[in-house]
Amino acid sequence: MASLALRGVRKEYGKLVALAGLDLEVGDGEFFVLLGPSGAGKTTTLKCVAGLEAPTRGRVEIGGRDVTDAEPNTRHVAMAFENYALYPQQTVYDNIAFPLRSPRYRVAPETAQVRIERVTETLGIGHLLRRMPRELSGGQRQRVALARVLVRPADVLLLDEPLSHLDAKLRAAMRAELKSLGDLQSTTSLYVTHDYQEALALGDRIAVLRAGELVQVGTREEIWHRPADAFVARSFGQPGINMVPGEVVDTPVGRGFRSRDGAIALPLGAVPVPPGTAVEAGLRPRDLVLGERPGMLAVTGRVYVVEPLGRQLEVTIDVGAQRIALVTPRERVEPDSLVTLSVPPARLILFDGTTGVRIPVGGGAPEAVVAADAVTEVAGRV
Ligand code: ADP
């Protein structure tokens with residue numbers, strides 16, 4: 001077990017800057033998720049930690065020891081790749097046991113067997129141990145490759161999209177299982193994904209990476225309720241956050257938000273920007289409610305489309321020039337009908353219209369409610 005730190009890690013491939021100077025600290029035993037779109041630099045980060053790539057600049061520390069120039073096999077790091085290779089001539093059991101037999105680990109056979117059984121049961125491949133790799137599906141093979149990494153004693157575990165080859169339902173199940181695996185709870189882990197649900201479900205903390213730069217590091221609640229900017233807000237949630245362009249206005253009851261077409265007006269309370277500032281109002285589909293609600297602001301719109309979303313409905317409503325998505329329990333909603341939707345003012349997230357950076361709004365949003373709902377509901381969509 002060990003903490004992990006990246007200090008100003010920069011990686012250039014010729015002219016291309018894959019990492020622009022990353023500062024990151026992962027605590028001892030923390031499960032840390034790196035989230036970002038393809039090409040953001042996630043895999044490059046893992047490779048710099050593992051020693052498979054040398055940073056152009058900056059340092060990597062494991063357990064307080066500078067390992068920047070250390071050989072990969074002296075770093076006590078285990079890494080699972082998205083691309084997995086199994087030994088075709090060996091059984092599943094032998095494939096998984098292979099690293100434990102290496103003189104480097106010297107794990108007693110009985111201990112090895114216990115570890116292997118626990119990990120393979122967790123990953124749902126315990127019944128496949130006598131099979132050969134060619135007798136497995138792609139998803140099963142990926143889980144065998146993952147098991148091979150998870151059974152190894154390591155100070156730091158690096159996981160690069162380890163569930164990407166599984167279908168959505170299995171992926172959701174595996175996520176829960178992974179989380180329950182004791183070893184993972186106590187091993188410092190850096191987990192790479194482009195899937196926001198995976199990030200919310202697994203991460204003690206999440207770092208959002210864009211084009212080689214860290215945009216935000218925080219808990220799931222911080223990232224969900226107080227995204228650093230519009231990019232982070234858009235990276236989380238399905239359906240995605242509604243972004244309504246408009247401006248800050250003065251109203252008889254204080255500052256407010258008015259959409260560009262005037263169809264949506266919301267109170268803001270204290271905001272640190274003057275009237276006339278171009279902004280975007282972010283409204284999460286799960287925060288909006290069909291019908292009128294006390295304490296919320298009602299706006300009228302016309303239903304554009306209604307789609308099932310797990311046990312709920314996704315309703316898209318045209319409000320003025322805006323197309324707004326909301327998620328609601330199953331009920332009768334007729335396409336093309338006029339409806340009222342209610343917006344809880346405290347759930348509005350405001351962004352600077354030019355830079356996209358979040359502008360704090362007076363009062364702030366209530367915490368720790370939405371993320372779990374967003375994860376489970378969308379997982380049930382398949
Ligand atoms: P991610 O894992 O977030 O998808 P990567 O870390 O794989 O992103 O890549 C970051 C950037 O670095 C991308 O633009 C990618 O094309 C580039 N890159 C990665 N590896 C190499 C390499 N070996 N040579 C040149 N460019 C690379």
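The values are calculated or read from the model by the stated rules, or taken from the named source; none is laboratory data. It should be emphasised that the depicted structure is a prediction, and the values quoted were computed from it without experimental measurement. Reconstructed Cβ throughout: ideal geometry from the backbone, glycine too, with neighbour counts over all protein chains shown. Protein only, heavy atoms only, side chains kept; ligands, DNA and RNA dropped before computing areas. Shrake-Rupley method; radii C 1.70, N 1.55, O 1.52, S 1.80 Å.
Quick look at the values:
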| item | result |
| --- | --- |
| Residues within the stretch 22-36 that are more than 14 Å from the ligand (Cβ to nearest atom) and either open to solvent by 60 Å² or more (accessible area, probe 1.4 Å) or in a loop (DSSP other than H, G, I, E, B) (or both), tallied | 6 |
| Qualifying residue in the stretch 133-151 (condition: farther than 29 Å from GLY63 by Cα, in a loop (DSSP other than H, G, I, E, B) and charged (D, E, K, R)) | no |
| Matching entry among ALA199, ALA172 (being crowded, with 17+ Cβ neighbours inside 10 Å, assigned to a helix (DSSP H, G or I) and within 16 Å of the ligand (Cβ to nearest atom)) | ALA199 |
| Filter result (in contact (Cβ under 8 Å) with a residue 24 or more places away in the chain, open to solvent by less than 30 Å² (accessible area, probe 1.4 Å) and in a helix (DSSP H, G or I)) within the stretch 98-132 | PRO99, LEU100, ALA112, ILE116, VAL119, THR120, THR122, LEU128 |
| Residue in the stretch 202-216 that is farthest from the ligand (Cβ to nearest atom), counting only those that are open to solvent by 10 Å² or more (accessible area, probe 1.4 Å) and within 18 Å of GLY27 (Cα to Cα) | ASP204 |
| Condition check for ARG260: open to solvent by less than 40 Å² (accessible area, probe 1.4 Å) and basic (Lys, Arg) | no |
| So ARG332, is it without any contact (Cβ under 8 Å) to a residue 60 or more places away in the chain, open to solvent by 70 Å² or more (accessible area, probe 1.4 Å) and either within 23 Å of ILE223 (Cα to Cα) or assigned to a strand (DSSP E or B) (or both) | no |
| Near pairs, Cβ below 6 angstrom, 6+ apart or cross-chain, from the stretch 1-21 (more than 10 Å from the ligand (Cβ to nearest atom)) to any residue that is among the basic types (Lys, Arg) | ARG7/ARG59; ARG10/ARG57; GLY21/ARG10 |
| Positions within the stretch 227-257 being of a type in the set (Lys, Arg) and surrounded by fewer than 18 Cβ atoms within 10 Å (Cβ to Cβ), in sequence order | ARG234 |
| Matching residues in the stretch 37-59 - criterion: being more than 8 Å from the ligand (Cβ to nearest atom) and on the phi > 0 side of the Ramachandran plot | GLY51, GLY58 |
| Restricting the stretch 224-265 to residues that are among the β-branched types (Val, Ile, Thr) and modelled with pLDDT of 95 or more, the residue that is farthest from ALA40 (Cα to Cα) | VAL249 |
| Residues located in the stretch 274-329, provided they are assigned to a loop (DSSP other than H, G, I, E, B) and hydroxyl-bearing (Ser, Thr, Tyr) | THR277 |
